[in-house]
Amino acid sequence: MILSKVKNSVKEPRITLVGAGPGDPDLISLKGVKALNDADVVLYDALVNQALLNHAPQKAIKIFVGKNSGDESFSQDAVNKLMIDYALNYGHVVRLKSGDPFVFARGFEEVDFAESYNVQTEIIPGISSATGVPGLHKIPMIYGKLSESFWVLTGTNASGEISPDLVGAAKSAATVVVLMGIERIAEIAAIFQQEGKNKLPVAVIQNGSTAEENVVVGIVDTIAELIEEKKIVSPALLVFGNVVSLHPLFSPIRNFYHLLAQE
């Protein structure tokens with residue numbers, strides 16, 4: 001009889017992947033907040049604003065499973081197993097991931113693993129930093145004749161090498177957003193220089209949407225130097241494209257080159 005009571009007290013195991021957005025806790029979706037309200041366990045990443053944990057019940061278990069720069073303490077395999085263990089033992093696990101779970105966040109791998117154990121899953125999208133952070137600075141992905149499309153890429157691939165897709169992106173007239181690429185900025189800028197885009201506008205946004213946000217705007221030829229001068233470090237994203245010229249910080253640069261052209 002006691003065993004029956006214990007069994008019935010455990011909820012049906014399920015896992016909800018929730019996109020926390022780019023950093024500002026107010027940018028999570030209402031559906032994401034509702035999922036947190038109902039969580040028995042929350043597994044959250046390094047870039048998730050911890051203020052979001054206040055939406056979970058006080059009795060909910062809250063566990064940090066993120067990776068800081070250079071820290072491999074939580075492998076993807078370990079996170080996958082934790083999700084299943086907690087779901088089977090406690091019920092509803094909310095996997096809280098920064099940005100959007102399906103934009104360079106390995107969300108599909110986690111869902112696929114959970115479903116291999118027949119655990120019910122749900123996806124709640126979030127605002128990706130790739131589009132949301134530039135948007136907060138009034139940098140559109142697409143605008144008039146400046147850009148008709150956009151690319152979102154990671155700076156390096158799984159082997160730690162510069163993504164070969166950057167070459168194709170640099171050849172295009174699209175807006176190019178590069179995530180996780182600031183440590184390789186000199187090499188990335190060189191790819192655009194090889195395409196003759198030395199004066200293409202570039203924005204670098206560190207800690208987008210948070211109180212620690214820092215923004216630098218320049219051109220391909222100078223962006224690596226500006227990043228070093230302003231001491232910009234990860235997490236930061238790069239935006240290459242003519243749409244960056246719409247940012248107010250680009251006006252002095254435009255005026256400078258206009259004066260040079262008149263001399």
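May I ask you to work out the translational diffusion coefficient for the range 129-261 at 25 °C, viscosity 0.890 mPa s, via Stokes-Einstein with Rh from the Kirkwood sum over Cα pairs, reported in whole µm²/s? Don't jump to the answer; show the numbers that get you there.
Working: Rh = 14.6 Å.
Rounded to a whole number, D works out at 168 µm²/s.
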Each label point is 7 Å from the Cα along the Cα-to-Cβ direction; what then is the distance between the points at Asp85 and Glu229, in nm? 5.0
Measuring from label point to label point, each 7 Å out along Cα→Cβ, what is the Asn37 to Glu212 span in nm? 3.1
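Remind me, relative contact order of the chain in percent, using alpha carbon pairs under 8 angstrom and six or more residues apart? Please list the in-between numbers first.
Values: 498 pairs, mean separation 46.9, N = 263.
The normalised contact order for the chain reaches 18 percent.
Given the rule -39500 (n - 2.57) for each run of at least 4 DSSP H residues, summed and divided by the residues of the chain, what is its mean residue ellipticity at 222 nm, to the nearest 500 deg cm²/dmol? Walk me through the numbers on the way to the answer.
Numbers: 9 runs with 85 residues, N = 263.
Dividing the helical sum by the residues of the chain leaves -9500 deg cm²/dmol.
Loop-only trypsin sites (Lys or Arg not before Pro) in the range 112-217, please: DSSP not H, G, I, E or B, and at most 10 other Cβ atoms within 10 Å.
Working: sites: Lys138, Lys145, Lys171, Arg184, Lys197, Lys199; in loops: Lys138, Lys145, Lys197, Lys199.
Filter output for the range 112-217: Lys138, Lys145.
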Applied in sequence order to the range 115-128, the curve 6.51 cos²θ - 1.76 cosθ + 1.60 (Karplus, θ = phi - 60°) yields integer Hz couplings, x standing for Gly and Pro, of 6, 5, 9, 6, 8, 5, 10, 9, 10, 10, x, x, 6, 6
Based on the alpha carbons, how large is the Rg to Rh ratio for the range 14-124 when Rh follows Kirkwood? 0.92
Be a star and scan the range 182-213 for residues whose amide nitrogen sits under 18 Å from the point 7 Å along the Cα-to-Cβ vector of Lys138. 202-205, 209
Which three semi-axes in whole Å describe the equivalent ellipsoid of the chain, each the square root of 5 times a Cα gyration tensor eigenvalue, listed largest first? 42, 17, 15
Accessible area, 1.4 Å probe, largest first: how do Met83, Met180 sort? Met180, Met83
Where is the GNM fluctuation largest for the chain (alpha-carbon springs, 10 angstrom cutoff): Arg106, Arg14, Arg95? Arg106
Within 10 Å of each candidate Cβ there may be at most 15 other Cβ atoms; applying that plus a DSSP loop requirement, which GluC sites (Glu not before Pro) in the range 151-188 survive? Glu161
In the structure shown, of Lys34/Lys59; Lys31/Lys67; Lys171/Lys197; Lys11/Lys67, the pairs separated by more than 21 angstrom at the C-alpha atoms are Lys31/Lys67; Lys11/Lys67
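The values are calculated or read from the model by the stated rules, or taken from the named source; none is laboratory data. Predicted, not measured: the structure shown is a model, and the values here were computed from it. All Cβ positions, glycine included, derive from the backbone under ideal geometry; neighbour counts span all protein chains shown. Heads up: the accessible areas ignore ligands, DNA and RNA and are worked out on the full protein's heavy atoms, side chains in. Shrake-Rupley method; radii C 1.70, N 1.55, O 1.52, S 1.80 Å.
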